[in-house]
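Taken together, the values in this text are just the output of simple stated rules run on the coordinates, not laboratory data. Bear in mind that the values here come from a model prediction, so they are computed numbers and not experimental data. Cβ placement follows ideal geometry from the backbone for every residue including glycine, while neighbour counts extend to all protein chains displayed.
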Amino acid sequence: VSDLKVGDKVFVMERFNNDFNELLTFLKNEYDELARHFDAANSWRLDLINQYEEEGGYYTKLNSFLKTYGVLVSNPTVEKWVSGVTIMPDSLLQLVEIFRKQEFSHSSGYPSEEIINSTRWLAKFRTSLHKEIFQYHVYKKYGMYQQIKNLELKSLIEKMEDKVSIQEIIMIQKK
């Protein structure tokens, strides 16, 4: 947020608390390929969230837990993993192997290779979706209907048109 400036464009998501992962959960019912990859790609994060909650909701404690297994990262990095800001951490395979051993593990329901491949697919999908949502709104604003027709995710974006909009920052109030 501190990097935003007047004139920047931001996504505003109605009914999803501006949480892109909640939007993806909604969209998996609308897009078969997303449905195929989402649960496997999200399995390690669910395990991470469970461990985070077991650690009392403290990123520092979760990070200490991960360090005991050789995952050496900063607390802000762990926070980005839990929140979903980071889709595919560099140590993903390590995380999967850590959580696969635990009782009630979500990761253990999928082969490691499937988790990795699905997570890689989800990262690319999220980037494409961000880009195409922005393009769709620009094209629509300027009546560029042929360009809209050429968008790969057009039908999916149209299904969520009332849920996602792009707003321009016109003022920043500093405290």
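Just to check your reading of the model, which residue among Arg126, Arg120 is among the charged types (D, E, K, R), under 19 Å from Glu152 (Cβ atoms) and touching a residue at least 40 places away in the same chain (Cβ under 8 Å)? Talk me through it step by step, then tell me what you get.
Values: Arg120 fails: touching a residue at least 40 places away in the same chain (Cβ under 8 Å).
After applying the criteria, what remains is Arg126.
Looking only at segment 146-162, which residues are surrounded by fewer than 10 Cβ atoms within 10 Å (Cβ to Cβ) and either of a type in the set (Lys, Arg) or under 15 Å from Leu34 (Cα atoms) (or both)? Even if it seems obvious, please write down each step before you answer.
Filtering segment 146-162 for residues surrounded by fewer than 10 Cβ atoms within 10 Å (Cβ to Cβ) gives 146, 149, 162.
Correct list: Lys149 only.
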